[in-house]
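Have a look at the structure below before the remarks.
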Amino acid sequence: MDETLQEHIHLREALIALADAHFTCSLDADGNLGPIEDGASLCRFLGREGPHAEGVSLDQLVSERDAGILRGLLGRLAADGQARDTVHLVSREGLHVAFTLVLLRENGHVFGGLRRRDDDATRMRAAEHERLVADEVYRNAIEGITVTDSHARILFVNPAFSKITGYTAEEALGQTPSILKSHLHDQAFYKAMWQALVNDGQWEGEIWNRRKNGEVYPEWLSISSVRDGQGKLQRYVAVFHDITEIKASQEKVRHQAHHDVLTGLPNRLLLKDRLATSLTHMARSGQKVALLFMDVDNFKHINDSLGHPLGDLLLQAVAARLKDVMRDDDTVARLGGDEFVILVEALESENLAIATAMRLLEAFRVPFHIKGHALTVTPSVGIALYPDDGDDAETLIKNADMAMYRAKEKGRNTFQLYTPALNERAVRRMTMEGELRKALERGDIQPWFQPRVGLRDGSVLGSEALARWIKPDGAIIPPGEFIPLAEETGLILQLGEQILEQACRQSRAFQDAGFPEQYVSVNLSPRQFRQKDLVGMVERVLEHTGFDSRLLELEITESSLVQDIDQTMATLRRFRDMGLAVAIDDFGTGYSSLAYLKHFPLGALKIDQSFIRGIPTDPSDIAITTTIISMAQSLNLKVIAEGVETLQQLNFILGLRCDEYQGYYFSKPVPPDAYLELLRRHKR
């Protein structure tokens with residue numbers, strides 16, 4: 001064995017003994033290295049177990065920055081049969097580790113030995129230690145942790161992720177974080193999130209996600225992007241924690257700050273906030289706001305005689321009753337002690353506020369049963385209106401308070417409005433309501449009859465029954481003064497049924513007097529048309545009076561027609577099946593159109609008198625009336641003109657082939673006896 005070969009063998013043995021890792025690979029005629037063949041120790045050393053090192057070439061493991069050094073090594077290997085230099089290899093974690101690389105050429109192969117430099121060895125051990133610590137942190141952290149690749153596919157989740165979301169690691173791996181999407185955020189939210197990750201490399205904020213069981217929950221989420229030494233995106237790391245309990249605690253604190261502890265009602269702070277918001281909205285809509293300041297009369301006496309615990313229970317019962325009495329949209333607040341405030345929005349006039357106060361007074365007529373005591377207490381109520389009595393929250397509360405003290409001065413168990421003029425009007429309204437109730441009991445409200453005249457031959461075909469309130473002193477109150485009040489108070493149902501029954505009974509009397517084909521038309525108010533047993537009520541009236549349903553016409557407004565289409569259609573069909581007709585009153589002033597009306601089983605239209613009044617001088621009224629008559633005829637609907645007062649108006653509608661008319665030109669509404677005389681004078 002020659003000396004050179006002996007030296008080569010000794011060097012190889014030394015490399016095997018001293019190197020941290022060694023390998024072999026082929027060497028072709030051009031000096032290019034083949035794939036690594038015997039590289040198990042190298043694989044373990046670089047953390048590339050399995051196929052991650054064997055089968056690849058050395059130049060794939062060497063850092064790109066050391067490519068020139070590797071080429072120099074191979075050049076010296078070709079010239080001298082051996083070469084040595086420092087190179088950096090890339091570990092599994094992407095670390096660039098410095099090695100002393102020795103290459104020996106032997107029989108068409110290359111034997112390589114690697115010895116890690118001492119400083120990098122220390123760094124590798126430290127990195128491995130840090131990796132083990134990081135793994136422990138990930139596994140034991142209470143925050144959920146998610147690691148994804150650059151395409152947002154999940155590579156790693158920790159146990160806290162599974163505990164919070166309900167997804168196991170096996171279920172999450174390979175998925176994207178969209179499996180947690182709650183669909184409570186819009187696309188703009190996610191677009192801003194990803195834009196921040198692209199621009200800043202980080203996003204942090206509150207987000208609502210969904211657990212595996214479908215429950216939606218809030219979390220605080222922090223996402224960071226991870227890039228390599230060349231700035232290329234490698235990973236996204238997300239850390240999050242469930243903030244459900246924090247949110248619940250915050251909501252509890254917020255609720256306590258804005259609500260009364262004893263009753264749970266809004267307190268002064270929340271009342272003022274809602275009132276300020278309401279004033280802003282009503283200023284735009286032009287509607288009114290009412291503030292009702294209520295004090296429990298003689299509460300101090302109850303508190304002192306029966307004790308504060310029972311007094312507190314009474315206040316809780318008062319709060320519950322107020323909430324039951326008020327609408328869902330109204331705010332019932334407690335300012336303290338026995339003082340409550342009710343906020344009522346979207347009023348057209350003070351009448352609804354007055355009706356609300358009267359409802360409160362009525363509600364307190366029922367005793368409160370507290371711990372074996374039946375307590376009868378009364379309220380005093382003061383009312384302030386926006387904008388009449390103030391245009392800010394403090395002023396309205398102060399003025400409602402002042403009005404409440406006036407109510408106490410008036411004897412308690414009553415209400416007062418802050419503005420004297422409105423208060424006088426409220427007193428008149430209360431007086432009229434009381435008189436109206438008595439008038440209904442006595443039968444003082446009766447139908448008068450206005451003739452409906454056929455335009456073909458001028459004969460009186462029937463009449464419209466119109467309510468007239470005849471007071472005991474003979475004074476006649478027109479319907480415009482008491483019908484709105486009856487509508488507001490609900491008395492319209494009783495009034496409407498009385499007028500319908502009297503009209504049918506009296507019309508039957510006209511028939512018995514020699515006018516068998518006389519029909520009668522009776523108005524139904526919007527509230528009547530919505531009553532549950534309307535059809536049943538009409539059937540009972542017809543049965544009691546013996547009136548022929550074919551000679552009864554019911555008039556409804558356009559607004560009644562379109563409020564609840566399905567219910568309206570069902571009611572109209574039942575009327576049609578009974579044989580009676582339905583007409584649209586005051587047509588042209590509401591919301592419907594003639595094309596829309598074709599879907600309803602109707603018999604007639606009554607042109608509102610406001611259009612007839614402008615004939616023959618107003619071109620718009622002429623055009624509207626002409627159009628209504630023409631289109632109604634095309635739908636086979638009878639047309640009645642209301643409010644005909646002149647010969648010119650009569651001639652105009654006669655030329656358009658209108659079917660019937662009524663108005664002062666022929667006759668104003670008259671009592672039953674006068675109507676019967678009218679029929680006899682015009683009998684043909």
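Every read-out reported here was derived from the displayed coordinates using simple, explicitly stated rules and does not represent laboratory data. Everything quoted here is computed from the prediction, not taken from an experiment. Because the Cβ atoms are built from the backbone with ideal geometry, glycine has one as well, and the counts that use them run over all protein chains shown.
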**Item:** Overall form of the range 259-418 per C-alpha gyration tensor (a/c, 1.5; a/b vs b/c)
**Value:** prolate
**Mean ellipticity per residue at 222 nm, deg cm²/dmol - from DSSP H runs of n ≥ 4 across the chain, formula -39500 (n - 2.57)** = -14500 deg cm²/dmol
**Of all DSSP beta bridges in the chain, antiparallel share, percent nearest 5** = 80
**Request:** With percent of Cα pairs over 33 Å apart in mind, check (1) 71; (2) 63; (3) 48 and report the label derived from this structure.
**Result:** (1)
**Prompt:** Which ³J(HN,Hα) values, rounded to whole Hz and listed in residue order, are derived for the range 307-313 from phi using the Karplus coefficients 6.51, -1.76 and 1.60 in 6.51 cos²θ - 1.76 cosθ + 1.60 with θ = phi - 60°, glycine and proline given as x?
**Reply:** x, 5, x, 5, x, 5, 5
**Request:** Mind giving me the FRET efficiency for Glu645 and Arg359? R0 is 41 Å, r the Cβ-Cβ distance, nearest 0.05 is fine.
**Result:** 0.45
**Complete:** Looking only at aspartates and glutamates whose Cα falls under 18 Å of Lys638's and that sit 8 or more positions away or on another chain, we get Asp457, Glu464, Glu517, Glu553, Glu555, Glu558, Asp585, Asp586, Asp608, Asp659, Glu660
**Item:** Under 5 Å, built H, 5+ apart or other chain: amide partners of Asn158
**Value:** Ile145
**Request:** Apply the Karplus parameterisation 6.51 cos²θ - 1.76 cosθ + 1.60, with θ equal to phi minus 60°, to every residue of the range 659-664 and state each ³J(HN,Hα) to the nearest whole Hz, in sequence, with x for glycine and proline.
**Result:** 7, 9, 8, 8, x, 5
**Request:** Treat each spin label as a single point 7 Å out from the Cα along the C-beta direction, and report the Asp80 to Ala67 distance in nm.
**Result:** 2.5
**Request:** Anything over 30 Å Cα to Cα? Flag those among Lys252/Lys272; Lys212/Lys323; Lys323/Lys471; Lys371/Lys408, in the order listed.
**Result:** Lys212/Lys323; Lys323/Lys471
**Asked** Karplus couplings for the range 327-344 from phi (6.51 cos²θ - 1.76 cosθ + 1.60, θ = phi - 60°), rounded to Hz, Gly and Pro as x?
**Response** 6, 4, 7, 7, 9, 10, 10, 10, 8, x, x, 9, 9, 10, 10, 10, 9, 10
**Item:** Fewest-first ranking of Glu517, Glu345, using other Cβ atoms within 10 Å as the exposure measure
**Value:** Glu517, Glu345
**Request:** Excluding residues fewer than 8 places away in the same chain, name every one of the aspartates and glutamates whose C-alpha is closer than 15 Å to that of Lys163.
**Result:** Glu143, Glu171, Glu215, Glu219, Asp242
**Message:** Under 5 Å between amide hydrogens, which residues at least 5 positions from Leu554 or on another chain qualify, with H placed 1.01 Å from N in the peptide plane?
**Reply:** Val522, Ala581, Val582, Ala583
